[in-house]
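J.: Before we start, here is the structure in question, set down as structure tokens.
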């Protein structure tokens, strides 16, 4: 059996390592964090994952797994190296490949001292082109060796779910092998055939770039299913006697749709969906390609917790000085992970609206404290959390919460108003005992709020940044105009989930190469008559140059143009003169720097 090394001991790396070692494979786990390595060598898991601790201790006892902070040792003792480091989002939402590049460089340095052929397998989620580009080139550069001759490379995406990562590793739906060449693919497939034996799932062998894209397409589709059913849930909430649970069950029986990922709730979060969809969106934008279904998937999710809070507020009247109990903080049950947790976002929104918030989670309290600090009360158990509360919101679907009866809510709460954000309760058992609200549950016609509960984003909102440089003014005009042929606006568009300030920074960076810091809103321009049928709103910020020089050429050999005010062209989408004059008047009045 081939020996394995794992570079990166987070959820994917550690789960993969203990599963391999539990099946008689010699595994060396490498991580740059020495404290993590020491804990693991002592049998102390560094993440919360069902079944992981038991497998870790058995593997250590059988001497099938060791952990090290010496990357050369890991390479020398193995035949296959799996790269499982993180690929977080940068500030601009694009993928951060620095950990992948660092791992590839270390692998290359170690391979320089190794004489035998070695297979490198990328399991980290990376945008198309990364494995054959960044990873392969980096290893070749640092090792002095040639890919395909001295070492092989594969892309082998993981499809693990936090909370069931061990089960998913031992019983996967399929194995995707993206291969640089046939030898690399054969070597990895042979390894999996030995590991799974007669339990080998379907194996798809394809190109490196297809394997990379499969992971993104997979996550985007699953996120889209959740956002879709949440959209339908919002419709159900304003339809008397409607229930999204029955709707989901009805369409789930259709084999073309399936029932999985049709559970309505307050939204998806975690370490994968948010960053992967953001990375895919950023990647597509770099190719001047829009992915409208991806945008819709994200926007539904961004507003789902806000819609939930609005629904509760419509019943409660106001959150000011009200005590709200939030049951659950992890992004899903079975984990202590709060990364991009919708429950945390919901808590933050409640605090913003003046609520006094009490929270409880069986596993994520320690991590939540790092994020929320002393802004909330940390309860010792579920009933302590709901005690004397004016409202209880179920934000994570833990089994502990399913055991709270309607009578207990009624007994312990000051006002027994329960909002089931994860649909863990049977409405028929709770509606007669407490004030009961739930995602996707229609009420009596008289109880449906007359005010709008949903949130929307105006797609015609444009942003402009006026950047002063010496005596000049920089105006932005997008190269990529999504509404070309209908109208064209100067400046850029606010993306779903973005603040206007974030949009200003992103647009300036994309169009000019400059990094700017938006300083102050100096004007809002709106004139309905210019674009019949659509109310165009342009928002202008002053900005100062933070770093970098203007380097982007809009056209070949053409530099970005800084205009004096009297030189502003009149044909930039529409006549700028009135709008800029208005901006400058407001700027002068408020003494904004740079003007």
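J.: Tell me, 356, 241 in order of fewest to most beta-carbon neighbours within 10 Å?
T.: 241, 356
J.: Answer rounded, prolate or oblate for segment 4-206, using the Cα gyration tensor with square roots of eigenvalues a ≥ b ≥ c: rounded when a/c is under 1.5, else prolate when a/b is larger than b/c, else oblate.
T.: rounded
J.: Multiply the residue separation of residue 517 and residue 58 by 0.36 nm, subtract the distance between their alpha-carbon atoms, and state the gained length in nm to one decimal.
T.: 159.9 nm
J.: Something else: Report the relative contact order of segment 307-447, percent, no decimals, based on alpha-carbon pairs under 8 angstrom and at least 6 residues apart.
T.: Averaging sequence separation for qualifying contacts and normalising by length gives 23 percent for segment 307-447.
J.: Shifting gears a bit: Would you mind computing, in nm to one decimal, how far apart the modelled labels at residue 183 and residue 198 are, each placed 7 Å from Cα along Cα→Cβ?
T.: About 3.4 nm, to one decimal.
J.: Quick one: order 231, 413, 1, 155 by neighbouring beta-carbon count within 10 Å, fewest to most.
T.: Ordered from fewest to most neighbouring Cβ atoms within 10 Å, 231, 413, 1, 155 come out as 1, 231, 413, 155.
J.: OK, next. Which Rg and Dmax, in Å, describe the Cα atoms of segment 285-359?
T.: Calculated on Cα positions, Rg and Dmax stand at 15.5, 49 Å.
J.: Over all directions, average the projected area of the Cα convex hull of segment 216-297 and note it in nm².
T.: The Cα convex hull of segment 216-297, projected and averaged over all directions, gives 6.0 nm².
J.: Sticking with the crude label model, points 7 Å out along Cα→Cβ, report the distance from residue 102 to residue 400 in nm, one decimal please.
T.: The modelled label-to-label distance comes out at 3.4 nm.
J.: Here's another thing I want to ask about it. Computed FRET efficiency, Cβ-Cβ of residue 249 and residue 428, R0 25 Å: what is it to the nearest 0.05?
T.: 0.95
J.: Shifting gears a bit: Work out, step by step, the length gained on full extension between residue 377 and residue 50: first 0.36 nm times the residue separation, then minus their alpha carbon distance; give nm to one decimal.
T.: 115.0 nm
The numbers here are math on the coordinates, done by the rules we state, and not lab data. Model, not experiment: these values are computed from the prediction. Counting neighbours? That spans all protein chains shown, and the Cβs are built from the backbone with ideal geometry, glycine included.
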